[in-house]
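A quick write-up on the structure given underneath.
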Amino acid sequence: MDRMDHDKQVAILRELLRQLDSKENVDAGVMYKNPTSVYCNPEIASQEWEVLFKNHPQLIGLSADLPEIGSFITTDDFGVPVLATRDGDGRFRAFLNACRHRGARVAAEPRGSSRRFICPFHNWTYGGDGKLLGIPQPEHFGAVDLACRGLLELPAEEKYGLLFVHPQLDGQLDVDEVLGELAPEIAQWQFGEDMVYQGESLMEKRLNWKLANDTFGETYHFAKLHKNTLGQVFYGDVLHYEPFDRNHRFVIATRGIDRMRELPEEKWNMLRGTSPLYFIFPNIQLAFGETSISLIKIYPHPNGPGRSITRVGHYATRQALDVAHALGEDHERLNPDDLYNSGYSETPYDAPQAFSLAAQFEIFDSTIEQEDYLMGEYQQRAAENGTLDHVVFGRNEPALHHYHRNFREALGMPPLEIYKGD
Ligand code: FES
Ligand SMILES: [Fe+2]
């Protein structure tokens, strides 16, 4: 997967190498105070639920989540039960997951493949296109015009390998508008057809959903909190950061970046020396590895601001799986060296990166859950206590500035106050 504009890749790698050599970090040139009330105030929580979730486009997955005609996924994460399908024409569709008889859910599984959805209550049956195909005992029930009682359809758009839904029947959905200036770059990755779903982890934790987002917003903590885990693979305290409207690109250097020093620039490959992370406002992180993508979706908890739900979906490239297959290996144990030796990639790995795909996913999940979110749970407790009035964001934490600026703007809140070091 080497599909980002090569000049841009080189520029990003150069900047990260420059920071490593000069021991500098990204510098926003300003610090901010962030009131802790944003993490626990119930009024803010109900406002953000309305504005950013119930009435905002939602990324529910990647094209790889609906790999074939008949594939479906369901979600309840933003308050509206959704059944998303790939219909008989291969089109991505989304429906309210509620039977038009008396409202039971027609699909209960989180994902699967089925051309028909039979409501478990009285067996009204729907197609993948939402059409009501039949009802049992119409002679008892009464005459029903099937054409009038299909599943209610939600606005849905599949673009650049992303699946977006709007939770309102009459909602406005335009993926290019959601992505803004980031759209051309996401388009370049072309990861739609290339990825294969590998599994999902669910984390239900006692931290506000924005604290969960915040943990993805700086590399200041890498060599400290993650010194025995991700800190082995990534360099801390360097970051290439670029905002695109309300979204951003956040590129972290891996130890593999050192290999670039030995290679001519035309052979540089960003995925061999960095891990790019795209943030899509308000709650999505898309982390890229050389052979994988992890999609992190973060949601407020319906029971209040002190909890959140994170889903981490993992996807592998089809080519990497093919390499594993050709080597007669279980793809879960595919070692990055195999990729190098098979010609998939031109750059060998340094030893610390030589984890199998499954191990990479596991380390990724457990680091988030046991390290980042543990800090988030402490932060949440401090915020709820009410005595700690505010926290501070440093010059090396620009992603936090950007995210909270946009969050506050979306809710009509005043901008963050500048922190002068006192
Ligand atoms: S509620 Fe679905 S068939 Fe009755
Ligand atoms: Fe972290």
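Just so it is clear, none of the values below were taken in a lab; they were calculated from the coordinates. Since this is a predicted model, take the numbers as computed values, not measurements. Cβ sites come from the backbone with ideal geometry, for glycine too, and all protein chains shown count toward neighbours.
Assuming a viscosity of 1.306 mPa s and a temperature of 10 °C, what translational diffusion coefficient in µm² per second does Stokes-Einstein assign to the stretch 197-246, Rh being the Kirkwood radius over Cα pairs? Answer, rounded: 120 µm²/s. What the Cβ-Cβ distance of LYS267 and GLN232 gives, at R0 = 22 Å and to the nearest 0.05, is a FRET efficiency of 0.30. Within a straight-line Cα-Cα reach of under 28 Å, LYS159 can be paired with the following lysines, leaving aside sequence neighbours fewer than 8 residues apart in one chain: LYS8, LYS54, LYS131, LYS210, LYS297.
For ASN97, nonlocal amide neighbours, meaning residues 5 or more places apart or on other chains whose placed amide H falls under 5 Å from its own, are VAL82, LEU83. Calculated over the stretch 355-402, the projected area of the Cα convex hull averaged across directions stands at 4.8 nm².
On full extension, the segment bounded by VAL196 and SER37 gains 53.2 nm, given 0.36 nm per residue less the C-alpha separation. Dividing the convex hull volume of the alpha carbon atoms of the stretch 58-165 by its residue count gives 89 Å³ per residue.
All C-alpha pair distances within the chain, sorted into 10 Å bins from zero, spread as 4, 20, 30, 25, 14, 5, 1, 0, 0 percent across the bins.
Full extension of the chain segment joining GLN47 with ASP322 gains 94.3 nm, where the gain is 0.36 nm per residue of separation less the Cα-Cα distance.
For LYS227, the aspartates and glutamates whose Cα comes closer than 14 Å to its Cα, not counting residues fewer than 8 places off in the same chain, are ASP237, GLU371, ASP372.
Arrange the peptides 129-136, 107-114 so that the one whose residues have, on average, the most other Cβ atoms within 10 Å appears first. Kindly include the intermediate steps, with their values, before the conclusion.
Working: 129-136: 16.5, 107-114: 14.5.
Averaged packing, sorted descending, gives the order 129-136, 107-114.
In order along the stretch 213-229, phi translates into HN-Hα couplings of 4, 4, 5, 9, x, 6, 10, 4, 8, 4, 7, 9, 4, 9, 4, 9, 10 Hz, rounded to whole numbers, per the Karplus curve 6.51 cos²θ - 1.76 cosθ + 1.60 with θ = phi - 60° and x for Gly and Pro.
Based on Cα contacts under 8 Å between residues 6+ apart, the chain shows a relative contact order of 22 percent. Considering only alpha-carbon pairs that sit under 8 angstrom and 6 or more positions apart, the relative contact order computed for the stretch 58-165 is 28 percent.
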